[in-house]
Amino acid sequence: MMNVAILQALLFVVVVTALTKPLGVYLYAVFETKTPPLPRSLGRLERILLRLCGVDPLQEQSWQAYALSVLLFGALGVLVSYAILRLQPHLPLNPQGMGSVRPDLAWNTAVSFATNTNWQSYSGESTLSHLSQMMALGWHNFTSAAVGIGVALALARGLTRRKESGDSPTLGNFWVDLIRALVYVLVPSSLAVALLFVSQGVLANFSSAVEIHPLEGVAQILPMGPVASQEVIKQLGTNGGGFFGANSAHPFENPTPLTNFLQLVLVFSIPAALTYTYGKLARDQKQGWVLFAVMMLLFVGSLCAITVAEHAPSAALSQLPIDHSAGNLEGKEVRFGAAGSALFATVTTAASCGAVNAMHDSFSPLGGLWMLVNIQLGEVIFGGVGAGLYGMLIFALLAVFVAGLMVGRTPEYLGKKIEAKEMTLAMLYVLIFPLCILGLSAWASVSPSLLSALGNAGPHGLTEILYAYSSGAGNNGSAFAGLGTNTMPWNITLGITMFLGRYFMLIPVLAIAGSMVGKKTVAESAGTFPTGTVLFAGLLVFVILILGALTFFPALSLGPILEHLSAHSGKGF
């Protein structure tokens with residue numbers, strides 16, 4: 001089984017690495033050239049949409065205008081989705097006769113999908129109509145990913161545009177970035193891969209549920225729906241929300257080994273490619289490859305830890321006279337096994353995707369620990385579409401600042417000085433995330449209305465709480481499902497967490513971009529710390545891990561670490 005895990009991981013890493021350059025070049029051509037690809041077809045569609053929206057593609061925005069556009073678009077998306085969910089029984093494409101979604105659940109779901117989180121406190125096949133799945137949720141799967149790409153590009157432009165070469169002191173146009181991401185990247189890719197998914201057996205229809213009568217004589221209800229189209233974009237856009245409650249463990253969403261592998265590749269494809277796009281923007285490809293190498297190093301380390309943890313037998317069963325060679329299979333599909341489940345869990349938590357093909361709540365304590373670490377490091381191990389790049393760039397600024405402190409000179413990044421304003425904004429970005437997670441987790445740990453949803457007491461219960469708020473703030477969306485979160489207190493607080501974790505962290509990112517874009521570049525000197533080297537990559541890894549450990553280790557020690565120690569001492573059962 002371990003050999004299978006190694007081969008799967010190697011193949012995945014090779015494919016993602018091979019896709020990074022060509023897809024990165026394509027993204028650069030889409031967003032940074034005057035004539036994007038396929039001007040006669042996709043270009044015509046882009047021009048029509050820009051004209052309908054009243055957008056001048058040559059008019060760029062300041063960081064304030066860009067941020068305001070992002071916030072207004074997000075707020076409008078939440079309102080429209082909330083209205084669709086509340087009015088569901090009065091709208092078409094509702095063959096199962098689904099009723100109205102409760103106000104607190106509608107709020108939670110609308111915010112969840114608008115923020116690219118896709119946290120689901122419900123089972124889609126029993127709660128939402130086909131129209132709600134496509135318009136309220138599927139729409140956000142496309143647009144929230146496009147927003148992330150736009151913000152990442154805005155920060156990249158702020159860091160790489162040079163005043164001396166005549167580059168514009170603005171950050172681009174949000175509406176142009178949004179439409180181009182949809183027209184050239186997300187929609188055509190989803191159409192092509194959806195057809196491949198259908199050929200593998202993923203559902204794609206508008207039928208009502210089908211009742212079958214197997215040999216046992218007990219009737220079974222098989223839900224139907226437009227699954228394939230939703231499945232592609234949930235992975236490609238690192239959204240993660242499943243058409244079915246079982247998500248990618250469901251055979252109608254993920255029927256074959258090929259669909260399982262393709263889903264994983266889709267998750268990492270755009271976040272990895274954006275690092276190459278960034279290198280082209282910086283006019284120094286080493287800058288992009290350093291970011292890619294750091295992301296891949298952190299990913300491989302986490303994958304090794306989770307794979308080893310899940311190939312060990314469960315502590316509760318380790319003394320029984322049974323074959324333990326398959327590892328910990330509790331909560332896992334036998335067709336994927338421990339190896340396939342560990343790889344999927346690592347990818348989905350590293351990329352803030354949230355799709356699952358196994359029950360994360362049933363992973364070993366150490367497996368759950370590393371999934372939490374992936375999220376709590378700040379959505380930078382490839383991360384969400386766009387979010388991984390801008391999160392990693394914030395840490396790069398912090399790493400340059402640390403290097404500047406060590407040598408006693410003003411830090412520089414790509415020839416631009418990093419000053420107090422940028423560091424203040426970077427620390428604001430870094431602090432919002434743990435404040436949401438730890439603050440709300442502490443409250444939930446003593447609030448009777450929130451504690452009543454716990455399925456487990458002790459350290460595992462604390463882990464469930466930490467995972468929920470980490471997933472919300474990190475816009476991940478996966479869950480330790482032993483926690484029953486479909487209650488008003490949980491729906492409201494998680495909705496607030498997701499909103500803060502997305503939009504309150506975008507504002508300092510765009511403010512840094514606006515501050516940096518107007519700065520003059522200075523020539524390299526003997527004291528300049530090079531940022532396209534192995535040394536800088538090591539420093540960047542060190543800064544990410546140290547900040548994560550200082551922030552979250554005390555809470556993790558009371559949750560999954562204590563659970564692991566208790567289980568192996570015999571006191572946990």
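The values are calculated or read from the model by the stated rules, or taken from the named source; none is laboratory data. Just so it is clear, the model here is predicted, and its values are computed rather than measured. Cβ: placed from backbone, ideal geometry, glycine included. Neighbour counts: every protein chain shown.
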Next item on the list: Using the structure shown, decide if Arg40 is out of contact with any helix residue (DSSP H, G or I) (no Cβ under 8 Å at 6 or more places or on another chain) and in a loop (DSSP other than H, G, I, E, B).
Entry: yes
Margin query: Any residue at all in segment 335-352 that's surrounded by fewer than 24 Cβ atoms within 10 Å (Cβ to Cβ), more than 20 Å from the chain's Cα centre (by Cα), in a helix (DSSP H, G or I) and touching a residue at least 40 places away in the same chain (Cβ under 8 Å)?
Written below: yes
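So, in segment 320-334, of the ones that are assigned to a loop (DSSP other than H, G, I, E, B), charged (D, E, K, R) and closer than 19 Å to Phe480 by Cα, which residue ends up modelled with the lowest pLDDT?
Step one: list which residues in segment 320-334 are assigned to a loop (DSSP other than H, G, I, E, B), which gives 320-331, 333-334.
From what is left, the residues that are charged (D, E, K, R) are 323, 330, 333.
Now drop any that are not closer than 19 Å to Phe480 by Cα, which leaves 330, 333.
Details: Glu330: 86, Glu333: 89.
Per the stated criteria, the residue is Glu330.
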Next item on the list: Report those helices (runs of 4 or more DSSP H) wholly inside segment 457-563 carrying at least 1 residues which are over 28 Å from Ala293 (Cα atoms), touching a Phe, Trp or Tyr at 6+ places or on another chain (Cβ under 9 Å) and not basic (Lys, Arg).
Entry: 458-473, 488-499
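Among the helices (runs of 4 or more DSSP H) lying completely within segment 123-196, list those that include at least 3 residues that are more than 25 Å from Met392 (Cβ to Cβ). Talk me through it step by step, then tell me what you get.
Numbers: elements: 124-127, 139-160, 174-180.
Where helices (runs of 4 or more DSSP H) fall fully within segment 123-196 and carry at least 3 residues being more than 25 Å from Met392 (Cβ to Cβ), they are 124-127.
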Next item on the list: Scan segment 314-326 and report the pairs whose first residue is touching a residue at least 40 places away in the same chain (Cβ under 8 Å) and whose second residue is assigned to a loop (DSSP other than H, G, I, E, B) and of a type in the set (A, V, I, L, M, F, W, C), with Cβ atoms within less than 6 Å and a gap of 6+ or a chain change.
Entry: Ala316/Phe573
Check: Hey, does segment 193-202 have a residue that's buried (at least 22 other Cβ atoms within 10 Å of the Cβ), out of contact with any strand residue (DSSP E or B) (no Cβ under 7 Å at 6 or more places or on another chain), of a type in the set (A, V, I, L, M, F, W, C) and closer than 28 Å to Pro508 by Cα?
Finding: no
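Identify all residues within segment 56-78 that are under 17 Å from Thr143 (Cα atoms) and surrounded by fewer than 16 Cβ atoms within 10 Å (Cβ to Cβ); write none if there are none. First the steps, then the outcome.
Of the residues in segment 56-78, the ones under 17 Å from Thr143 (Cα atoms) are 66-78.
Listed by number, the residues that qualify are Leu68, Leu71, Leu72, Ala75, Leu76.
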Next item on the list: Please work out which residue is modelled with the highest pLDDT, limiting yourself to segment 87-122 and to residues that are part of a helix (DSSP H, G or I) and surrounded by fewer than 17 Cβ atoms within 10 Å (Cβ to Cβ).
Entry: Pro103
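Test of understanding: among Leu483, Leu540, which residue is crowded, with 20+ Cβ neighbours inside 10 Å, within 20 Å of Glu419 (Cα to Cα) and under 25 Å from the mean Cα position of the chain (by Cα)?
Numbers: Leu483 fails: within 20 Å of Glu419 (Cα to Cα).
Exactly one residue qualifies, and that residue is Leu540.
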Next item on the list: Quickly run through segment 198-245 and pick out the residues that are touching a residue at least 40 places away in the same chain (Cβ under 8 Å), more than 22 Å from Pro92 (Cβ to Cβ) and assigned to a loop (DSSP other than H, G, I, E, B).
Entry: Gln200, Gly201, Val202, Gly237, Thr238, Asn239, Gly240, Gly242, Gly245
Check: Taking interchain pairs and intrachain pairs at least six residues apart, which have beta carbon atoms under 8 angstrom, with the first residue in segment 144-157 and of a type in the set (D, E, K, R) and the second assigned to a helix (DSSP H, G or I)?
Finding: Arg157/Leu281; Arg157/Ala513; Arg157/Val517
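Results for (1) touching a residue at least 40 places away in the same chain (Cβ under 8 Å); (2) farther than 28 Å from Thr487 by Cα; (3) among the charged types (D, E, K, R), shown as yes or no for each residue.
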| position | (1), (2), (3) |
| --- | --- |
| Cys53 | yes, yes, no |
| Gln64 | yes, yes, no |
| Leu68 | no, yes, no |
| Ala106 | no, no, no |
| Gln120 | yes, no, no |
| Ser123 | yes, no, no |
